[in-house]
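J.: The following block contains the structure, expressed as structure tokens.
The values are calculated or read from the model by the stated rules, or taken from the named source; none is laboratory data. Values in this document were obtained by computation on a predicted structure and should not be read as measured data. Virtual Cβ from ideal backbone geometry, glycine too; neighbours counted across all protein chains shown. The protein model used for the area step is the full one, side chains on, heavy atoms only, and it has no ligands, DNA or RNA in it. Shrake-Rupley method; radii C 1.70, N 1.55, O 1.52, S 1.80 Å.
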Amino acid sequence: MKMRILVFEDEFSVRKPLCSYLRLRGHEVLDFPSPVTCELVVSKKCTCPRDQACADLVITDMKMPEMSGLDLVRVLAEKGCKAPTKNKIVISSSLSPDQEEEFRLLGCHYLHKPFDLEDLSELLQACEKNISPDRELVPIEELRKTCRKLL
């Protein structure tokens, strides 16, 4: 299944190869150097129409300027993000035991940096199983216009 994936990663040397890999697997990918550069995150509430989601999957780095991956997952949940929390993957070179526990309680996946593409592929397959085959996504061009406002 072709998934739409939002990637939040401040390190260009990680973000670009990751996005290239995801695109080579046939997925639609929108990438951001920080959550605060995405209108979907900084708006007061989820801007997606009631019956549409902006993405199937969110991949975020843990340590980024201005907002951590944990904060991003919390903000998206508070806004009513339609991408299920179990379809959020946090990548990090280190998490504290408290952070690991919070991610576990939120239902997110954790991928340790540096990560193996095989491990990422397994997580992608697990997340794909959580997506309804009749799900509706916001049209990609509409999403790009919304996200470009801050880039």
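J.: Just to confirm the filter: which GluC sites (Glu not before Pro) across segment 84-151 are DSSP coil and have at most 12 other Cβ within 10 angstrom of their Cβ? Don't skip to the end; give the middle numbers.
T.: Values: sites: 100, 101, 102, 118, 122, 128, 136, 141, 142; in loops: 136.
For GluC sites (Glu not before Pro) across segment 84-151 that sit outside H, G, I, E and B with at most 12 neighbouring Cβ atoms in 10 Å, the list reads 136.
J.: I would also like to ask the following. Taking trypsin sites (Lys or Arg not before Pro) as exposed when DSSP calls them loop (any state but H, G, I, E, B) and at most 13 other Cβ atoms lie within 10 Å, what is the longest stretch of the chain free of them, the sites themselves excluded?
T.: Numbers: sites that count: 2, 44, 45, 50, 129, 149.
No qualifying site falls inside 51-128, the longest such stretch.
J.: Roughly speaking, what is the stretch gain from residue 78 to residue 132, that is 0.36 nm per residue apart minus the C-alpha to C-alpha distance, in nm to one decimal?
T.: Working: separation 54, 0.36 × 54 = 19.44 nm, distance 2.20 nm.
Contour length minus the Cα-Cα distance gives 17.2 nm.
J.: On to the next question. Given charges of +1 on the Cβ of Lys and Arg and -1 on the Cβ of Asp and Glu, with all other atoms neutral, how large is the dipole of the chain about its Cα centre, in debye to the nearest 20?
T.: Values: 23 positive and 25 negative charges, 120 e Å.
Dipole about the Cα centre, nearest 20: 580 debye.
J.: Between 3, 143, 55, whose Cα lies farthest towards the positive end of the dipole of the chain when Lys and Arg beta carbons carry +1 and Asp and Glu beta carbons carry -1, centred on the Cα centre?
T.: Positive-most Cα among the choices belongs to 143.
J.: In nm, to one decimal, how far is the modelled label at residue 21 from the one at residue 98, with both set 7 Å along Cα→Cβ?
T.: Each label point is offset 7 Å from its Cα along the Cβ direction, giving 3.1 nm.
J.: How large is the accessible surface per residue of the chain, computed with a 1.4 Å probe and reported in Å² as a whole number?
T.: Values: 7900 Å² over 151 residues.
Ligands and nucleic acids excluded, the figure is 52 Å² per residue.
J.: Shape call for segment 92-151 from the C-alpha gyration tensor, a ≥ b ≥ c root eigenvalues: rounded (a/c under 1.5), prolate (a/b greater than b/c) or oblate?
T.: Values: a/c = 1.98, a/b = 1.54, b/c = 1.29.
Since a/c reaches 1.5 and a/b is larger than b/c, the shape of segment 92-151 is classed as prolate.
J.: Once both labels are modelled 7 Å past Cα along the beta-carbon direction, what's the residue 10-residue 66 spacing in nm?
T.: If labels sit at residue 10 and residue 66, their model points lie 1.1 nm apart.
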